[in-house]
1. Quick check on the range A:643-672: of everything there that is closer than 16 Å to A:N612 by Cα and in a strand (DSSP E or B), which residue is nearest to the other protein chains (Cβ to nearest Cβ)?
2. Taking the range B:258-270 only, how many residues are at pLDDT below 95 and closer than 25 Å to B:R353 by Cα?
3. Output the residues belonging to the range A:364-400 that are crowded, with 17+ Cβ neighbours inside 10 Å, more than 11 Å from chain B (Cβ to nearest Cβ) and touching a Lys or Arg at 6+ places or on another chain (Cβ under 9 Å).
4. Can you run down the residue pairs with Cβ atoms below 6 Å, 6 or more apart or on separate chains, where the first is in the range A:500-522 and under 19 Å from A:L585 (Cα atoms) and the partner is aromatic (F, W, Y)?
5. Does A:T675 fit the bill of being assigned to a loop (DSSP other than H, G, I, E, B), touching a Lys or Arg at 6+ places or on another chain (Cβ under 9 Å), in contact (Cβ under 8 Å) with a residue 12 or more places away in the chain and within 14 Å of chain B (Cβ to nearest Cβ)?
6. How do the strands (runs of 3 or more DSSP E) wholly within the range A:421-535 filter down when requiring 3 or more residues that are in contact with an Asp or Glu (Cβ under 9 Å, 6 or more places away or on another chain): which remain?
7. For the range A:1-52, which residues satisfy the criterion of being at pLDDT 55 or above, under 22 Å from A:L374 (Cα atoms) and among the hydrophobic types (A, V, I, L, M, F, W, C)?
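The values are calculated or read from the model by the stated rules, or taken from the named source; none is laboratory data. Predicted model, so just to flag it, every value in this text is computed and none were measured. Ideal geometry is used to build each Cβ from the backbone, glycine not excepted, and the neighbour counts take in all protein chains shown.
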Amino acid sequence: MTASVTSRRPGPRRPPERNVLENETLGTRLHYLRRKIALQQVFAELFEKRWMEPAIPLTLLVGVVVFFSVATPGFATPENLLSSAAELAELSLVCIGMAVVMISGGIDLSVGSMFGLCNILMILLITLGGVPVPLALLLTLFAGAILGGVNGGIVAYLKARPFLTTLVTLIVFRGVLNLLDLNFSAQTATVFVLDPMWEWLGTGKVAGIPFSFVTLVVVLLIGHVLLSRSRIGWHITAVGASRRAARHAGIKVERVLLLCYVISGALCALAGIFYAARLSSASARVGEGLELNVLTAVILGGISLSGGKGTVWRAFIGAATISLLGKGLLLMNVGGEVLQTALAAVLIVAVGLDIKWGKNRGKAIQKTYVNPTLLRYRPAPDVRRGSGSAYEVNDRLLGAEAIGVGEVEGPEDVVLDSQGRLYCGTRQGWILRFSGRDFEHKEIFARIGGHPLGLGFDAEENLVVCVGGMGLYAVSPDGTPRKLSDETNRDWTRLRDDSRLRLADDLDITPDGKIYFSEATTRFGMADWILDGIEGRPNGRLLCYDPATGTTRTVIRDLVFPNGICSCHDGESLLIAQTWLCRILRYYHSGPNKGRLEIFMDNFPGYLDNINRSSDGGYWIALNGMRSPAYDLAMRMPSFRRRMMKRIPRDEWLYPSMNHGCVVKVSEAGDVLDTYWDPGGEAHATITSMREHDGYLYIGGLENNRVGRIKLSGSGAAQVDNRRPQSSARPVSVN
Amino acid sequence: MSAVEGIRLVREFLFPGRHTGTAVPPLDGGLTPNDALEQQPELAEVAEPEDVLPSTSGLYVTSGNNLFLLQGRQRRLVAELGGDAGPLAAAQDGRILVGVAGIGIVAVTTDGQVEPLVTEVAGDPLRCPTAMAVAADGTVYVTDGSIRHHGQDWVRDLMERNRLGRLVRHDPRTGATTVLADGLAYPSGVTLAPEADSLLVCEAWAHRLSRFALSDPARPTVLRENFPGYPGRISPAANGGYWLAVFALRTQLVEFVLTQRDYVDEMMRTIEPDYWIRPALRGLNSGLEPLQGGQIRKLGVVKPWAPPRSYGLVVRLDECAQPVSSLHSRGGGARHGVTSVRESEGRLLVAVRGGDRVLEVPA
């Protein structure tokens, strides 16, 4: 009860717990350090990120760039990269169009023909047609959209297959292109366009970068926002993922499909315009076979052929890889046939890897997500009968009266209001209220939705409740629930976004009305508490909700499973129960010791749950289970726990001994005064909470089917104010 | 992690499902769970009955260091034996043979005279007699569970994965004692085949039942292997076949822990045996015992399918040692740790060591 840390640093505090016992050797300390580092966890959390999905294509792209930069001297020069950039921009634009169509579940084989057709159209318009460049530009874009619209109309409204439809339009558009070429291209060769805007389209640079590439970046940004953040983007993805489900959800599937092909056509037109401006070549061969390159690039980028998956970035990555690979091989003087083969080989390997990656990413995360660490306890106090320890097992809870047997399922916490009515949460997501002389009248006070855990009354008799998986809620006296908070400030040192509350656990309200509550773990949900136990890492935090401002902030982070929270009798500090450490911390939130964090009690023989004030100036502490020597040993052997998790199913895992809980009463100074056991655990197997009220002690448990109550004798019979501690140093007895 | 374990992991990765050892077969077929053992009438309450032997004068029961004779509601102490009294057998001369842990085989007359019969064999003391069978010619066959541990220390033998058991023959006419087979994984039950030409021996830690031909005991044939539990004493059934007492079930956790030598060594060194991860004959209902996920008491109930630390199981085997029916006491039940089952005069006598009872099951 000594180690204390004070810090002037603002922001969330960290607890004094590396859980290294004092006087350890350097070797042991290093051992702890090694177990503290969790590289696997970093990987798991990194791979969990959505933006890690195109990891394989991106790696390939980087690999291609690095390889050619080293292998070919001419590759990494500015000239080469700039000229590549212009070509890349055109390819990428077409790829993005293709990607959008593929995400919507279709395919567009006519991109090459559309590209060529728009190219010749643009040239014809400004040379033979004499149309001003801006107008010609718009007309060509419009023409591209019309061409796409033809595809889309047939696919969406005539319900034709995209593959066949676009194969046919590929031939049709190519035929039109050939016709135009036959009739007009000879004449275009004699006309020179001197429009500066036309020049600029082909060779202009913005800050040294070709204009077409800048356009591409803009298109990418717009495309990204549109696809991932806008309604229409979500509709496109939904249609691609499951057309029927999308239709059932009320999405106008035909319109979405049409739009996708129109986008594709317009982007082909844009690419065609840049091509025309750059090369002024009105050849019928422009864009021949382009669809194959584009398809290769898009698949290489990892956009699924079956639709519903993909981003514009993936299309770009694929296009860049293909384009740079081609350029690099060309610079190495590799022949065309080798180039094709190399492309094919790279494609097969990359696509194979990407599919494996996409399939197994979740599994890989799952396998590496839980990272047991080293926890070493001091020898547990002997609890056996006749041992003479303060925690000795007794029969005091055997005669407990049962309230609501079979009617409550999992009352994690219990609380009584000023009229003596009893409230408890259940696993169905209800808060039950028992009233009457023997609590014979039961009613559903509120339906919350998540499992209500910690309960407490504020000054206005609102029932404040921590709801597992949801956050902090308040229920007004008439039973209307209201959300207080479900997020806090994010911890930027952690990879995963922990701003949402995953497992708000217990709360208490300080005399100034602030609600301090614990979030047991930020890494696991309510159903997976055991994973946090097996991990044993500091994943939890203490939060504070200020009703005056309506905001929540993190007070202490990196706590090992903070569970019970109790505002001390002095009104200046809080007790924080740390379940897996079997340790209680005391944190001073105000007063002369403000900011101080110290160990209040340590080395309990069981796992701590809720804490409450007792009427005589002490505290009630619930132990939800006992420490078994076998589990203590397992906590010293992290790799044993890891192997256990991998090798055998969860029902067979070694668990903390949760069938044997007890209630401990301690004094303000941290001395054990009393214990209350239910030795067989028949009625009160887990004990997660207790509440003193009017001379009785009420007992709740996460896995129990009742609330128990026993009459307290002697000093325990005083009235305790469950709402708030008195501001004075001494507690006040009413009786 | 040791190199061996590393290689094992690689092998498991390359050939998943090929490894043996941790796959515990499910209880199905003749072993389909029921609650029949819970519902059987009890004959007597005896503290930790180890073996039962019906005779004309009553029912002999070993319990603790004592040999009792139950006659109706009466219980008579026949002899105190100075060690954990284990298996029982009726010798040809009318005396009762009792295996006593740490001592060997003793012969007890009906008036309580105790005389040591076999105390050592082949130079090693016979300290862990686990079962006996007497042939028609009076020859006694004994299984010696382990030459290192005996009595309550059987769990140490399991945790050390020992194969130190022996099959022993004692000829009362010549007094000669010979070892028929050794290196057995805790032989825990023996009985004669109906043709009296071979012995059936249970090896608890190997979870199997083997036939040892008397003419060639060095080469046993495995009759049935990979039992989901640890087979104990076996005795002939009236209509052919056998009764098998399975004193505990294998669990995936125990099977897994047995492969984790670093954990087992540390556990054996620092923790009391009662609180080990192990099969047991009874639950202590203490929070100091290790708890498994499925054993959590939910809404006041321990699920019957909970991974069993202790379990009650009596199996009826057919002539080929195939389980045909069984009596169970499951998770949450009380009649765990069946150490002996014998059929006599149309009834089944079951020693439930963990439940402190002798049951009489109408056959």
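1. Checking each candidate, the answer is A:C662.
2. Total satisfying the criteria: 1.
3. A:Y369, A:V370, A:N371, A:P372, A:T373, A:L374, A:L375, A:Y377, A:A400
4. A:A504/A:F517; A:L507/A:F517; A:D508/A:Y516; A:I515/A:Y545; A:A520/A:F561
5. Values: assigned to a loop (DSSP other than H, G, I, E, B): no; touching a Lys or Arg at 6+ places or on another chain (Cβ under 9 Å): yes; in contact (Cβ under 8 Å) with a residue 12 or more places away in the chain: yes; within 14 Å of chain B (Cβ to nearest Cβ): yes.
So A:T675 fails the test.
6. Details: elements: A:422-425, A:430-435, A:441-447, A:451-457, A:463-468, A:471-475, A:481-485, A:504-509, A:515-519.
Qualifying strands (runs of 3 or more DSSP E): A:422-425, A:430-435, A:451-457, A:463-468, A:471-475, A:504-509, A:515-519.
7. In the first step, residues of the range A:1-52 are kept if they are at pLDDT 55 or above; the result is A:11-16, A:22-52.
Filter again for under 22 Å from A:L374 (Cα atoms), leaving A:14-16, A:22-45.
A:L26, A:L30, A:L33, A:I37, A:A38, A:L39, A:V42, A:F43, A:A44 - these are the residues of the range A:1-52 that are at pLDDT 55 or above, under 22 Å from A:L374 (Cα atoms) and among the hydrophobic types (A, V, I, L, M, F, W, C).
Each row is one residue, and each column tells you yes or no for (1) under 21 Å from A:I584 (Cα atoms); (2) at pLDDT 50 or above; (3) touching a helix residue (DSSP H, G or I) at 6+ places or on another chain (Cβ under 9 Å).
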{"site": "A:D671", "(1), (2), (3)": "yes, yes, no"}
{"site": "A:A683", "(1), (2), (3)": "no, yes, no"}
{"site": "A:E692", "(1), (2), (3)": "yes, yes, yes"}
{"site": "A:V707", "(1), (2), (3)": "no, yes, no"}
{"site": "A:P725", "(1), (2), (3)": "yes, no, no"}
{"site": "A:A729", "(1), (2), (3)": "yes, no, no"}
